[in-house]
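Below is one structure, written out as structure tokens; the observations come after it.
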Amino acid sequence: MQLKTILNRVQKFNSFVYGAVRWVEGASVPTLEIELQPRVNSRPVCSGCARKRPGYDHLPVRHFEFIPLWGHKVFFVYAPRRVQCGGCGVRVERMPWVEGKHQLTETYSWFLAGWAKRLSWKEVAEAFHTTWDHVFCSVDRAVTWGRAHQDLSGVQAIGVDEIAWQRGHRYLTLVYQIDRHCKRLLWVGEKRTVKTLLRFFRWFGKDRSQALGLVCSDMWKPYVKVLAKKAGHALHILDRFHIMTHLSKAIDEVRAQETKELKAKGYEPLLTKTRWLLLKRPENLTDKQGTKLSELLQYNLKSIRSYLLKEEFQLFWAYTSPYWAGRFLDTWCTKTLRSKIAPMKQVARMLRRHQPLLLNWFRAKKQFSSGIVEGFNTKAKLTTRKAYGFRTYQAAEIALYHTLGALPVPETTHEFF
Ligand SMILES: [Zn+2]
């Protein structure tokens, strides 16, 4: 069987035929070149208006990279014709395997983008003997296409989240669709300001925003403010994951401070290596951690009291009635405010301020899956942290859309990936 036969099966072009196939002598990586020719009597198509036009002249031969085959780089070789178009003037013809001035064929570009969902961009570049820039460009095109073709109808629930980016205090705002039937990243924006989230709503559009039934976010003031303004009709809930994160951060702070104090006073280092122990749920502790915890419980330490307050707060989520949950919250906040532990008191004050929003949780309980924002948060962090070699914010944004956006891809006759 000839290579042409295979190519005609997987990638056939109506107005072009495959010609000679040859090895490239002296190439650094084994390379195959496959000639393409216009079908006899076929007229070129203008790239400007997509109409058949009379030929004008030929441009020099160009190389278009195709999917590598058995460790060989594969290039289509073709001398594009130019057309004399009544409307567009002298234009290069449309070539169905490539878009614009790109060097990669469409098929190869989608192939690389597909792999870039599973591997880091660097790994993809290495695996297929191509460059990081080619992978980047392929993913960029896939994301642009996908975002232009995605269906945004029927979004009823959104979750707003933030992740820290590039060490230090730069943030990204992420907006997810969190409906039961469809969960995906909808939008990414730089920073976490009022302006950032307003930009989301501008993009999302008024009609779609009006159709929202549920919005979910952290207690972060700019988010709460914008959500009230732009989706005030929707039920706003504060999700469990973010609230528990605030408590964990408070415990971390208390523990670090107390460790220092104990050391300064010359006590034995009771709290070393207890960080995870205090952050984990008791049922997730190892035997050894369990023993250590029961030991620690004998001491009247601030860290331990904070830990117990946090564990007690877990009960909050088990309520079904907003009324009783509210009573519980009141009691818990009062108790915590009397604890004399500053970081915990701060969280209690914050929770008290957001009581109505917090109680919305119980009004919305059955409408969306609560773990979803946390799941996305983990994946988003992994995506930005993974060694993609992001040099710019733009690259991180594209990677997030690519991995979490559930973006559509064009239908093709043959699945290369
Ligand atoms: Zn034209």
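The values are calculated or read from the model by the stated rules, or taken from the named source; none is laboratory data. Nothing here was measured: the structure is a model prediction, and the numbers come from that model. Here the Cβ is made from the backbone with ideal geometry for all residues, glycine too, and neighbour counts use every protein chain on show.
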Handout entry: Every residue from region 340-352 that is surrounded by fewer than 18 Cβ atoms within 10 Å (Cβ to Cβ) and either modelled with pLDDT under 90 or farther than 17 Å from P322 by Cβ (or both)
Key = K340, A342, K345, Q346, R349, M350
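Before we move on, is Q2 without any contact (Cβ under 8 Å) to a residue 60 or more places away in the chain, of a type in the set (S, T, N, Q) and within 16 Å of the ligand (Cβ to nearest atom)? Spell out how you get there, then give the answer.
Working: without any contact (Cβ under 8 Å) to a residue 60 or more places away in the chain: yes; of a type in the set (S, T, N, Q): yes; within 16 Å of the ligand (Cβ to nearest atom): no.
Criteria not met by Q2.
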Exercise for the section: Taking S138 as the residue in question, decide whether it is of a type outside the set (A, V, I, L, M) and crowded, with 18+ Cβ neighbours inside 10 Å. Expected result: yes
Completion exercise
If you go through A20, A27, the only one that is away from the ligand (no atom under 16 Å from the Cβ) and over 40 Å from the mean Cα position of the chain (by Cα) is A20
Exercise for the section: Need at least 1 residues that are under 26 Å from the mean Cα position of the chain (by Cα), within 16 Å of the ligand (Cβ to nearest atom) and touching a residue at least 12 places away in the same chain (Cβ under 8 Å) per element, so show me which strands (runs of 3 or more DSSP E) inside region 65-162 make the cut, counting only ones lying wholly within it. Expected result: none
Practice task
Kindly check whether there is at least one residue in region 37-46 that is away from the ligand (no atom under 16 Å from the Cβ) and either in contact (Cβ under 8 Å) with a residue 40 or more places away in the chain or in the same structural domain as L112 (by TED's automatic domain parsing) (or both).
Solution key: yes
Handout entry: Residues satisfying the stated conditions in region 34-46, i.e. surrounded by 19 or more Cβ atoms within 10 Å (Cβ to Cβ) and part of a loop (DSSP other than H, G, I, E, B)
Key = P44
Completion exercise
Filter region 47-64 for residues that are among the charged types (D, E, K, R) and part of a strand (DSSP E or B); the one that is nearest to the ligand (Cβ to nearest atom) is K52
Problem - Condition broken by V175, with the remaining ones in (1) surrounded by fewer than 22 Cβ atoms within 10 Å (Cβ to Cβ); (2) more than 24 Å from Y319 (Cβ to Cβ) satisfied - result: (1)
